[in-house]
Amino acid sequence: MICMYLNLTKNIKLLLTMLWSFGTLIFVLALVWPISYGFFHDREETTQFSYENGTLVFDHSLNEFSPLLTPDIDATGQLIIKNIGSLPFKYSINFLNATSTGQLCAALNVALFQDNQMIYAGQIADLSITPLTLDATANKVFDWQVQLSDTDPILQNQTCEFSLIVKAWQETQASYGANMFSDEKILMSQVISGSWQPNIVLNEVLPNPEGDDNQDGLLGEWVELYNNDDSDYDLTDWYVLDSAGNKKIISDTTTLNNQTVIGAKGGGNEWLVLFMNAAILNNSGDLVYLFDNHNNLIDSLFFGNSSTDSDDISDNTPGITNGDGPEEPGNEGKSFARIPDGVGPWIDPVPTPGGPNLMALENNDQTETALSEIPNEALPLLSTTAIEQDFCPATEVGEILP
Ligand SMILES: [Ca+2]
Ligand SMILES: [Ca+2]
Ligand SMILES: [Ca+2]
């Protein structure tokens with residue numbers, strides 16, 4: 001019995017000794033073990049979201065851009081970064097990805113402003129903002145401005161969806177990385193383009209030039225276009241059709257001065273002359289349609305008789321006796337033109353290819369005739385937009401397409 005007591009006491013002492021040693025070891029380890037931190041990492045994919053992990057966290061707001069983007073109207077948006085944590089942080093904003101119908105994303109020029117100072121200008125795909133700093137509980141508002149870099153109507157009615165990634169990290173660290181307090185969010189938004197058409201019109205037509213109509217360049221038939229817009233346009237592959245479906249395409253070999261770009265209104269280069277280089281436009285009257293390079297009808301004109309050849313008013317080779325005699329001089333060499341350029345009614349002044357339309361040469365008294373004084377009955381049988389509906393419904397246009 002005594003022996004058992006002694007053994008129990010000995011075992012208890014041994015157990016206490018082991019506990020003491022283990023406790024001492026834990027205490028010593030606690031003294032020399034490095035201080036450790038808990039790291040928090042947060043990542044969400046949202047359009048707007050609020051989340052808090054305790055110390056380093058931000059909220060954001062990125063709205064959709066508005067209004068609908070056109071060559072003349074910029075779209076704007078706003079990005080707000082809010083520090084809702086207890087620590088100041090550094091952060092960066094970078095492009096992540098984009099998808100668009102057509103080529104809209106690639107045609108966007110993006111500018112980003114911070115406190116009215118531009119901090120980025122370029123394509124959305126190149127957006128990269130170097131680390132900025134935001135104090136605890138502070139907000140930062142960024143203003144976006146988006147413009148179209150191209151006026152091509154093919155960019156109409158498209159959507160560009162894009163994502164940005166915003167990373168925030170401890171202010172004490174140079175850059176974002178592992179093993180630190182951080183927050184990361186993906187922001188999504190979109191830019192939508194509206195509708196527009198270049199305000200380009202048929203401005204002057206010479207269906208019956210002096211002499212043989214079957215001549216090239218300015219000696220033959222031609223059609224002049226006018227640009228009512230404040231932007232330049234490259235009209236390569238735009239074309240005109242007549243009522244028989246004859247097609248003349250704009251290129252650097254078919255225009256006056258090899259011009260394919262029509263300048264902005266008021267710049268002195270807002271006219272473009274397309275040569276027919278053949279007897280195409282009927283001197284008895286004809287239709288002229290203007291199409292863009294995507295087969296959209298832009299403008300049309302019906303003009304009346306431009307010949308005085310009483311026996312064959314459709315004769316394109318005046319001077320050749322045809323029945324009762326040659327074509328008489330008169331309307332030959334006179335064009336049909338809008339006065340004022342681009343917007344006015346159609347009359348039949350002297351030809352002015354590539355320049356402002358004139359009622360008559362300056363030594364002619366008609367030059368001084370105010371438009372308002374021109375009696376309606378003096379106007380030839382011409383039509384403008386109002387008559388386009390009668391003469392150029394879409395189905396009829398389709399029927400004459402070559
Ligand atoms: Ca002629
Ligand atoms: Ca002709
Ligand atoms: Ca002209």
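The values are calculated or read from the model by the stated rules, or taken from the named source; none is laboratory data. These figures come from a predicted structure and were not determined experimentally. All Cβ positions, glycine included, derive from the backbone under ideal geometry; neighbour counts span all protein chains shown.
What to note about this one:
Rundown of residues vs (1) touching a residue at least 60 places away in the same chain (Cβ under 8 Å); (2) over 14 Å from the mean Cα position of the chain (by Cα), yes/no style:
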site	(1), (2)
Pro88	yes, yes
Thr99	yes, yes
Asn109	no, no
Ile119	no, yes
Gly122	no, yes
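- Number of positions in the range 284-298 that are at pLDDT below 95 and out of contact with any Asp or Glu (no Cβ under 7 Å at 6 or more places or on another chain): 7
- The number of residues in the range 194-214 that are within 16 Å of ligand 2 (Cβ to nearest atom) and surrounded by fewer than 22 Cβ atoms within 10 Å (Cβ to Cβ) comes to 4.
- Residue in the range 262-309 that is surrounded by the most Cβ atoms within 10 Å (Cβ to Cβ), counting only those that are of a type in the set (Gly, Ala, Ser) and within 16 Å of ligand 2 (Cβ to nearest atom): Ser306
- The criterion of at least 2 residues that are within 15 Å of ligand 3 (Cβ to nearest atom) is met by the following strands (runs of 3 or more DSSP E) wholly inside the range 193-252: 200-206, 222-227.
- Test: Pro326 is within 15 Å of ligand 1 (Cβ to nearest atom), crowded, with 17+ Cβ neighbours inside 10 Å and at pLDDT below 65: no
- Single condition Ile298 does not satisfy, out of (1) out of contact with any Ser or Thr (no Cβ under 9 Å at 6 or more places or on another chain); (2) assigned to a loop (DSSP other than H, G, I, E, B); (3) not aromatic (Phe, Trp, Tyr): (2)
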